[in-house]
Amino acid sequence: MDYKKVIAEKLSQIAGMESNESLEMLETPQYSEMGDIALPCFKLSRTMRKAPNIIADELKEAFKDVSGFSKIESLKGYLNFYVDKLAFAKQTLTEIIELGDKYGTSEEGLGKTICIDYSSVNVAKPLHMGHLSTTVIGHALYQIYEFLGYNCVGINHLGDYGTQFGTLIVAYEKWGDKDAVEKNGIAELTRLYVKYYDEEESHPELADEARLWFKKIEDKDSEALELFNWFQEITLKEVNQTYALLGIEFDYYTGESFYTDKMQPVVDRLEETKLLVKDQGAKVVRLDEYDMPPCIILRQDGASLYATRDMAAALYRKQTFEFTQCLYVTAYQQDLHFRQFFKVLELAGYEWSQDLVHVNYGMVSMEDGSMSTRKGRVALLKEVLNKALEKANDIIEEKNPDLENKEDIARMVGVGAIVFSALKNNRIKDIVFSWDSALNFEGETAPYVQYTHARATSVLEKSEISLIGEADYTALENEDAAALITSLSEFREIVKSAARRYEPSMITRHIVDMAQKFNKYYFEHRIIDNDSAEKNRARLMLAAATKQVIKTGLNLIGIESPNKM
RNA sequence: GUACCCGUAGCUCAGCUGGAUAGAGCGUCUGGCUACGGACCAGAAGGUCGUAGGUUCGAAUCCUAUCGGGUACGCCA
């Protein structure tokens, strides 16, 4: 039963409004003393030409016969509805327990496909902290949309195009060693890069060689391609270990180079629509009308650019996957780029350009300055994860040394802590990486929530009463239980909002909210007690429902829920 | 210079399409394990919601201006 709908329908009858219009007027009060659903009557006072408090009084009478509410109260121009707690508790808990991990799912996405472009690792470069946000946000959105019934396509848009790969071949040919690369992977490739740039200072002619090698890659010269593919293989093998640790898999690893032969149609279309104009030797699309600098499509030498490739990729994805939306999870530094190429596609007549979404996020920097590969200030993602894992392990040794599968649990907790910290705040916020806060396991953190889950599990295991059978929900007639049940029931809407706003942090925060309310309840009330089996059952159902929703929520943001820790 | 983003407690942040008394966590101080897991719970202290106008019955939320911080602005990605 949807209480808001019931109220909205009745209100529509009385005030003669559309039902969605009256639904929008309803809100959830800030304080539970003011009821569960509130109708502010201020706007009605204009059309009804009466004082809000009088309208509220009158509506109170009109709502008298509506069932499902234990009390309806008129207060200071608000009409406050108090839902029948017993019925609500029964409905919410039985629903969660019956649906299990399906609770919160939806069919809104059936038959729709969403492409998610995230993580975008560069060939021959390691994953560092700068990749954390895109990787975990993208993965969370993937999980969330799948949960809502969408078909998701996860794409790792590899950075595998550019002269840099020519330089890498030069470096490898001159100073490289097959075994060293096989053995040390990306670290060795990075060493070769650095060596190259050192040498280039005194031997500028190396740059010509690099350009030549890159040209060979583009021309699909077999020797060049073989080396390049090998570098890619080495890179993927290594980064996949980190992805595995995070529990992430991609459907496609189609990088920039994949689109090199797919750009002509884009250029042709821009020519046909007369959007492409020559400017200082380059070909651009002017965007002055839209308060943006021109979007460069072709360089003076005729070579394509970032925007050109991204447009080719968008076209390809539209044709291949027929997406209803295509999300790009990249940092806000690229805001302009996305606004530009979305606009160019729109001007070129691709009406689906409005389905392209730049899911931007803030930058990660180190405490002692900004993140820079050259200055060696990057924290590698795998190092951060390993450190968190060690910390989790230490805590387990200290608090629960007899725990089984310690390594597994330490992985879930340690990795969870890092993922959680990246999904706790709104995407747009910049993050200053600090070991202290990343390795903090108390308060609003993954371990806190996981601990709550383990606690609920523990109680459930301890009890011998089955969840099936008559339950006496009067055992849950207290503020703490009511607050928890409300929070659990809000989960569905939270998931939908998180999807609508591309904001996984909404889920993260709600999980914390549920955990806090459970812990409060747990502290104030016994779950297993010496009263009737029916009362015990009601309280156990509350614990079971909490366990379920926390687990589902954590899963959506890519975090596991250990039963013990 | 232009465009966009951010500004809420000492710190890190919530606050949905404007609604009643602005909320968490961390840190500080204090208290709580003889019953289901103390990675927990409770209490205290801490606020001109950057500033100034405006719209409104009502503004942290919308508009304008302004200050502070950030990002991006043609042949890199």
Computed [θ] at 222 nm, deg cm²/dmol, chain A (DSSP H ≥ 4; -39,500 (n - 2.57); rounded to nearest 500): -17500 deg cm²/dmol
Would you mind ranking A:ILE116, A:ILE144, A:ILE97, A:ILE428 by Cβ crowding within 10 Å, fewest neighbours first? A:ILE428, A:ILE97, A:ILE144, A:ILE116
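Express the relative contact order of region A:301-360 as a whole percentage, based on alpha carbon pairs under 8 Å and six or more residues apart in sequence.
It rounds to 41 percent for region A:301-360.
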Mind giving me the nanometre distance, one decimal, between the label points for A:SER70 and A:ASP529, set 7 Å out from Cα along Cα→Cβ? 1.5
Given backbone amide H placed at 1.01 Å from N, residues whose amide H is under 5 Å from that of A:LEU75, ignoring those fewer than 5 places away on the same chain, are A:ASN80
Output the relative contact order of chain A, whole-number percent, from Cα pairs under 8 angstrom with separation of 6+ residues. 15
Residue-wise, which Karplus ³J(HN,Hα) couplings in Hz belong to region A:507-518, taking 6.51 cos²θ - 1.76 cosθ + 1.60, θ = phi - 60°, and x for glycine or proline? 6, 3, 5, 5, 4, 4, 4, 5, 5, 4, 5, 5
Would you please put A:439-450, A:147-158 in order of how densely packed they are, using the mean number of other Cβ atoms within 10 angstrom per residue and starting with the highest? A:147-158, A:439-450
Would you tally the net charge around A:GLY154, using a Cβ to Cβ cut-off of less than 11 Å, leaving A:GLY154 out, and scoring K and R as +1, D and E as -1? -4
Please tell me which of these pairs span more than 22 angstrom C-alpha to C-alpha: A:LYS71/A:LYS496; A:LYS343/A:LYS424; A:LYS237/A:LYS429; A:LYS424/A:LYS496; A:LYS5/A:LYS71? A:LYS71/A:LYS496; A:LYS343/A:LYS424; A:LYS237/A:LYS429
DSSP loop GluC sites (Glu not before Pro) in region A:189-294 with at most 11 other Cβ atoms within 10 Å of their Cβ, which ones? A:GLU205
Within-11-Å neighbourhood charge of A:GLU534 [Cβ basis; K, R +1; D, E -1]: 0
Tell me the angle of helix A:85-99 to the major Cα principal axis of chain A, expressed in degrees between 0 and 90 and rounded to the nearest ten. 40
Rounded tilt (10° steps) of A:446-462 against the dominant C-alpha axis of chain A: 50
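Excluding A:ALA303 itself, calculate the net charge of residues whose Cβ lies under 14 Å from the Cβ of A:ALA303, where each Lys or Arg counts +1 and each Asp or Glu counts -1.
Local net charge: 0.
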Pulled fully out, how much extra length does the chain show between A:GLU146 and A:ASN478, if you take 0.36 nm times their separation in residues and subtract their Cα-Cα distance? 115.9 nm
As an exercise, identify the GluC sites (Glu not before Pro) in region A:316-425 lying in DSSP coil whose Cβ has no more than 12 other Cβ atoms within 10 Å. A:GLU322, A:GLU367, A:GLU404
Using DSSP to call loops (not H, G, I, E or B), can you name the GluC sites (Glu not before Pro) in region A:13-55 whose Cβ has at most 11 other Cβ atoms within 10 angstrom? A:GLU18
R0 = 41 Å: FRET efficiency of A:SER437 with A:TYR306, Cβ-based, nearest 0.05? 0.75
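A short reminder: the numbers here are calculations on the coordinates, not readings from a lab. Please read these numbers as outputs of a predicted model, since none were measured by experiment. Neighbour counts are summed over all protein chains in view; Cβ atoms, including those assigned to glycine, are modelled from backbone coordinates with ideal geometry.
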